Amino acid sequence: MNTKVTIAGVEFKNPVMTASGTFGSGMEYAQFVDLNRLGAVVTKGVANVPWEGNPTPRIAETYGGMLNAIGLQNPGVEVFLQRDLPFLKKYDTKVIVNVCGKTVEDYLEVVERLGDSGVDMLEINVSCPNVKEGAIAFGQKADCLYDITSQIKKKAKQPVIMKLSPNVTDITEMAKAAEAAGADALSMINTITGMKIDIHKRAFVLANKTGGLSGPAIKPVAVRMVYQASHAVKIPVIGMGGISDAEDAIEFLMAGATAVAVGAMNFVNPYATEETVKGIEEYMRKYGIEDINSLIGCVE
């Protein structure tokens, strides 16, 4: 029974990854999950310098999910290289670093710093404000997405995954722009912009007013977008958005994803990633599936 999948020449023992921002850099979950069992650990966003993130409160529970406005708080690339990467290297799993920034130069600085670090792939978070473009997210304008992708590809030594925002009119336009600029793969979807108001305090629940909605509530939207994008481009798609278990993961694979990432469910069930791996294996045995790749995009 083969559970291996390949993305941009990188082979994963199985298609289950962690979604950036929900698993720290692996150390935080190592007492619950055998990291050796995962296809990859995708780190929390890493910037060129430490980011404090947004003011609190910045997390709120919602029906079927959660809102977060963390603001990509992180200690910066130097701490990641000195503390987190050596820890991850002790495990037999692929390491994908999520890269964030406020300007193209910020992204490029991190990409170059990671060039000889031994990480397997880079996931570029293009939902951060593009300060030089008047705070319009890179991921919401096809020409901006094309520009940053092409510049990163010129500097990156590892394969580049562009993480797409769902907060757009046409996800296929964005997917095609990233592919045309040289992206090796796509990951999607990032969170959907949402809001919650406390009617008793007559105030916003989040200090930031808006936050990113994740969890089971967004899964149907995510499955639809993964299906559309995977049929619009030739590069692999890593699907995420509301995955709770193996059944959800398999649904994404059938929609066209080559791999999947478990996100918000890590906060509800810290064993979710490893249980998803086991569940996929049980599904394959139950239905006599010899190669997991036969499931990818099998529903047209």
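The values are calculated or read from the model by the stated rules, or taken from the named source; none is laboratory data. Just so you know, these numbers come straight off a predicted model, no measurement behind them. Neighbour counts run over all protein chains shown; Cβ positions are idealised from the backbone, glycine included. Areas reflect the complete protein model, heavy atoms only, side chains present, ligands, DNA and RNA absent. Shrake-Rupley method; radii C 1.70, N 1.55, O 1.52, S 1.80 Å.
Numbers for the structure displayed
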| item | result |
| --- | --- |
| P(r) of the range 87-230 over all Cα-Cα pairs, binned every 5 Å from zero, in whole percent | 2, 9, 18, 19, 18, 14, 11, 5, 2, 1, 0 |
| Within-12-Å neighbourhood charge of ALA177 [Cβ basis; K, R +1; D, E -1] | -3 |
| Residue-averaged [θ]222 nm for the chain, counting only DSSP H segments that reach four residues, each worth -39500 (n - 2.57) | -8000 deg cm²/dmol |
| Label-point separation, GLU11 to GLU78 (7 Å along Cα→Cβ), nm | 3.9 |
| Percent accessible area from carbon and sulfur atoms, the range 44-179, protein chains only, probe 1.4 Å | 49 |
| Cα-projected label distance for PHE32 with ILE199, points at 7 Å along beta-carbon direction, nm | 3.2 |
| Those chymotrypsin sites (Phe, Trp or Tyr not before Pro) in the range 218-300 that DSSP places in a loop and that have at most 11 other beta carbons within 10 Å | TYR287 |
| Pair GLU105, LYS234: separation of 7 Å Cα→Cβ label points (nm) | 3.7 |
| Among beta bridges that DSSP assigns inside the range 165-300, antiparallel share in %, nearest 5 | 50 |
| Semi-axes of the equivalent ellipsoid for the chain, Cα gyration tensor, largest first, Å | 26, 23, 20 |
| For the chain, accessible area per residue (1.4 Å probe, heavy atoms of protein chains only), Å² | 43 |
| Modelled label reach - GLU61, point 7 Å along Cα→Cβ, the range 259-300 residues with backbone N closer than 15 Å | 265-270 |
| Percent of beta bridges antiparallel (DSSP, the chain, rounded to nearest 5) | 40 |
| Convex hull volume per residue in cubic angstrom - Cα atoms of the range 168-224 | 112 |
| Net charge of Cβ neighbours under 15 Å - reference LYS219; Lys, Arg +1; Asp, Glu -1 | -3 |
